[in-house]
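Derivation of every value follows stated rules applied to the coordinates shown; laboratory data play no part. Predicted model only: the values in this text are computed from it and were never measured. Cβ atoms come from the backbone with ideal geometry, glycine included; neighbour counts cover every protein chain shown.
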């Protein structure tokens, strides 16, 4: 190996190490502050590492700010959104790719158009609609709009196109009903992509902010990020408390990502190949 | 082969229903609202609601806050998107060039910010950038450099927000560029090497041109994401100082849900959507150009 190649290699590792420190360090620092108590967090720059690690702040924010309640809300909303979205995107993506029906091209086109509409620009009429049917401050106000996710449909559709149609045709010749084909053949075939879409939607739903803040105004109904932003407006000077809140909000999604990385990254890559 | 089957409609019906209810009807709703003087009085009594045509749009043209919000959002897009693309590209190429067993580790490390709640990230960065105890200025002071008031001065605050946005976003593109890089056949590089092309030439003559379509798509994804900037300024600066970090969406939110001036807020939302369509249109056409080469 020439000296130049060697130098390039060392530079590459060094560059990646610096980038990795830059991305991870802020997260680790905040986690570390969450585990500190008053003298360390009160004066000047907090030390990098808590000398006497304590869960005081975490317990404090859970007790005083009822973070458990918001955690529960976020879990319910993210889980329901994921379940509904996977069901909807799975069936629609399959049919758009592999079943011929009248109006298929129109539906495909509508889905593509949906991708191009910034959903945060729609919050005003959405608020009016949910207010009219008295669903503001209900989980449904977060779950239903989030399940109208054209990206999930496009991902499943693209994945199904990559699966040979012969497998389905054989089942059709055997006289299986469309619903049975879907349930016992299609779903297992696209399971990896459904898992990918599921994880993606779970994380997006957990982190969503603007619409949940508008739709959940009643005390106790907020999701974690919405509650965190509200607590922050009052307690931003309590760095230990806020660091604990940020950690509790971030950590579950990091764990979800670490556990499902293979699927998660697949949906990211697939999303870039779809058109 | 696909078969004619009427039951296909049943499979797409739930999706169609949800999209109609929560995307298309609201879009028409925003457009409709933008043509009215819907405000807090109309909210109380619909007799106070009038159609006023394009008046909201004309007012926006003379609205200094709206122009400032446009400028703020454009700065984040014009500075943030190229910076993100560059970081995504460089980190992807670096990861693809190191030994296989280390790739997963770095990929995970650089991607983690993408899955983190923007609100929580913004809170964290506000402490990092704090002038009194923040780590960033602590480090700058150790290096003997200046310790600016990141979030307190109008010019720096928007850059600080862009920094946070880029920090959180580039890992997403890295995954996509790395996947596209793996699709480039090795033969191209082998042939170039035989021809005597060096590292730089291979990068500029093979890698970058082959990745151009991917980077183009990524640019659109980044633009449409950054164009909808909201949570970062909401938490980090609340749009200040002096409105210097109030993005279009933040302005729409304030007009809509703090002042209940839904007419102007809807006009802002429509303008935002229209510009995004313009971005998509431009991207589509440049890509067609690349394909034609």
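Take every Cα-Cα distance within chain A, group them into 5 Å bins from 0 onward, and report for each bin the whole-number percent of pairs it holds.
Bin by bin from 0 Å, the calculated values are 1, 5, 10, 12, 13, 12, 12, 10, 8, 7, 5, 3, 1, 1, 0, 0.
Quick one: what do you get for the stretch B:68-174 if you divide its Cα Rg by 2.2 N^0.38 Å?
That ratio works out to 1.20.
How much length, in nm to one decimal, is gained on full extension between residue A:100 and residue A:38, taken as 0.36 nm per residue of separation minus their Cα-Cα distance? Don't jump to the answer; show the numbers that get you there.
Values: separation 62, 0.36 × 62 = 22.32 nm, distance 6.57 nm.
Length gained between residue A:100 and residue A:38: 15.7 nm.
For the stretch A:215-270, state the average projected area of the convex hull of the C-alpha atoms over all orientations, rounded to one decimal in nm².
5.5
Assign one of three labels to the stretch A:177-229, namely rounded, prolate or oblate, based on the Cα gyration tensor with a ≥ b ≥ c the square roots of its eigenvalues; rounded applies when a/c is under 1.5, prolate when it is not and a/b is larger than b/c, and oblate otherwise.
Values: a/c = 5.13, a/b = 2.85, b/c = 1.80.
Prolate shape, in that a/c is at least 1.5 and a/b is the bigger ratio.
For the protein assembly as shown, evaluate the Debye formula with one uniform point scatterer on each Cα (no solvent term) and list log10 I(q)/I(0) at q = 0.08 Å⁻¹, rounded to two decimals.
-0.59
In peptide B:210-223, what is the residue-averaged number of other protein chain Cβ atoms found within 10 Å of each Cβ?
Counting Cβ atoms of other protein chains within 10 Å of each residue's Cβ and averaging gives 1.
In peptide A:246-258, how many Cβ atoms from other protein chains are near each Cβ within 10 Å, on average?
Mean inter-chain Cβ contacts per residue within 10 Å come to 4.
Along Cα→Cβ, 7 Å out, is where each label goes; now give me the distance between the ones at residue B:201 and residue A:63 in nm to one decimal.
The two pseudo-label positions are separated by 7.0 nm.
At R0 = 30 Å, how high is the FRET efficiency between residue B:189 and residue A:21 if r is their beta carbon distance? Nearest 0.05 is fine.
0.50
Any idea what angle helix A:150-161 forms with the longest principal axis of chain A, computed on alpha-carbon atoms, 0 to 90 degrees, nearest 10?
Orientation of helix A:150-161: about 50 degrees from the principal axis.
Within 10 Å of each Cβ in A:103-116, how many Cβ atoms from other chains are there, averaged over the peptide?
So the per-residue partner count for this stretch is 4.
Can you put B:252, B:94, A:75, A:242 in order of Cβ neighbours within 10 angstrom, beginning with the fewest?
Least to most surrounded, the residues fall as A:75, B:94, A:242, B:252.
Please report the spacing between the Cα centers of the stretch B:202-280 and the stretch B:18-64 in Å, no decimals.
Taking the Cα centre of each part, the stretch B:202-280 and the stretch B:18-64 sit 21 Å apart.
Express in nm, to one decimal, how much length is gained between residue A:2 and residue A:45 on full extension, taking 0.36 nm for each residue of separation and deducting their alpha carbon distance.
This chain segment gains 10.9 nm when fully extended.
Specify the angular offset, from 0 to 90 degrees and rounded to the nearest 10, of the alpha carbon long axis of helix B:118-128 from the longest principal axis of the alpha carbons in chain B.
With both axes taken from Cα atoms, the answer is about 70 degrees.
Order of A:106, B:78 from fewest to most other C-beta atoms within 10 Å?
The fewest-first ordering by Cβ neighbours comes to A:106, B:78.
Return B:107, A:183, B:62 ranked ascending by Cβ neighbour count within 10 Å, so the fewest neighbours appear first. The partial results should precede the final answer.
Details: B:107 22, A:183 12, B:62 8.
Lowest count first: B:62, A:183, B:107.
If you line up the long axis of helix A:67-98 against the longest principal axis of chain A, both from Cα atoms, how many degrees apart are they, to the nearest 10?
So the helix axis and the longest Cα principal axis differ by about 20 degrees.
Regarding chain B, what are the three Cα extents along the principal axes, ordered largest first, in Å?
Here the spans come out as 78, 71, 32 Å, largest first.
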